[in-house]
Amino acid sequence: MGRLNGKTALVTGGSRGIGRAICLRLAKDGARIVLHYHRNRAAAEAVANEIGADVRVIHADLGSTSEIDALFAALGELRFDFLINNAGIWKGTPLGSSSAQLVEELLATNLKGPFWVTQCALPLLNDGGRIINISSVAGRIGVGGGRSLYGATKAALDSLTQSWALELAPRHIRVNAIAPGYVTSDMTAEFMSNPANLQRAVKQHAFGRMGTPEDIADVVAFLCSEDARFITGQSLNVSGGSVI
């Protein structure tokens, strides 16, 4: 018997990387999974096949409030216990050469998306549930490579985490964030294909290695469990000591 038996989790961006690992880990602990994806249906269905039973695959562009509204309309009266705001994009917006379209895309997906998803989810989220936001250490430190706006969206997500924790405490909903460092995933693959970038990233971690999606998923599972019943409003640094 898994410790999350009888529970249901909605995971955004669940088709690859950290999201995929979260879906697989929560399912291993017994949770039913509602797996959201944006672009790659084949990848989402592959994760669903790995999970087997008790999984539902849903699609939406979380940069669009109308698509988020449609997603929740499609869910109907399905209730769930865990909302994992994982979906996000990691793109550079260097000062002096950023387009308005790219700026809007980053803000819509990384900040407005989690806000609107959470607002729409609240009527379906059971009292005593959990909201877990996947943030980043980039929200706590200065970041180079033209990724200042990315860092700002993650800092804002940490701020929302604290405020939502207070706002939802009367319903005993715990709200926390996880701040990974560099994680080996599809999102970082192109950046890490440069040996200099990879070497620099590894050196930033006290353990001398980059994180894995499973490193993050295991902490998500902990926060969903009753072991974390007295934790709320926190942003946990899960970065192998890259920010000490």
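Annotation note: of Asn126, Asn133, the sole residue that is in contact with a Leu (Cβ under 9 Å, 6 or more places away or on another chain) and not charged (D, E, K, R) is Asn133. Filtering region 8-37 to residues that are surrounded by fewer than 16 Cβ atoms within 10 Å (Cβ to Cβ) and either in a helix (DSSP H, G or I) or touching a His at 6+ places or on another chain (Cβ under 9 Å) (or both) leaves only Lys28. Before we move on, is Leu168 part of a helix (DSSP H, G or I), touching a Ser or Thr at 6+ places or on another chain (Cβ under 8 Å), without any contact (Cβ under 8 Å) to a residue 60 or more places away in the chain and aliphatic (A, V, I, L, M)? Against the criterion (part of a helix (DSSP H, G or I), touching a Ser or Thr at 6+ places or on another chain (Cβ under 8 Å), without any contact (Cβ under 8 Å) to a residue 60 or more places away in the chain and aliphatic (A, V, I, L, M)), Leu168 does not qualify. Among the residues of region 171-193, at least one is buried (at least 19 other Cβ atoms within 10 Å of the Cβ), at pLDDT 85 or above, farther than 30 Å from Arg39 by Cβ and not aliphatic (A, V, I, L, M).
The set of residues in region 41-62 that are modelled with pLDDT under 95 and more than 24 Å from Ile173 (Cα to Cα) comprises Gly52, Ala53.
Restricting attention to region 194-222, the residues that are in contact with a helix residue (DSSP H, G or I) (Cβ under 7 Å, 6 or more places away or on another chain) and at pLDDT 80 or above add up to 11. Asn5 is checked against (1) assigned to a helix (DSSP H, G or I); (2) more than 16 Å from Ala121 (Cβ to Cβ) and fails just one. What number does that condition carry? Every listed condition holds for Asn5 apart from (1). Search region 224-244 for residues being assigned to a loop (DSSP other than H, G, I, E, B), in contact (Cβ under 8 Å) with a residue 60 or more places away in the chain and not β-branched (Val, Ile, Thr), and hand back the single one that is nearest to Ala9 (Cα to Cα). Taking the candidates together, the pick is Ser225. Filtering Ala53, Ala46 for residues that are surrounded by fewer than 13 Cβ atoms within 10 Å (Cβ to Cβ) and among the hydrophobic types (A, V, I, L, M, F, W, C) leaves a single hit, Ala53. Looking only at residues in region 218-242 that are of a type in the set (Gly, Ala, Ser) and closer than 15 Å to Arg3 by Cα, the one that is surrounded by the fewest Cβ atoms within 10 Å (Cβ to Cβ) is Ser225.
The values are calculated or read from the model by the stated rules, or taken from the named source; none is laboratory data. None of these values were measured; they are calculated from a predicted model. Cβ sites come from the backbone with ideal geometry, for glycine too, and all protein chains shown count toward neighbours.
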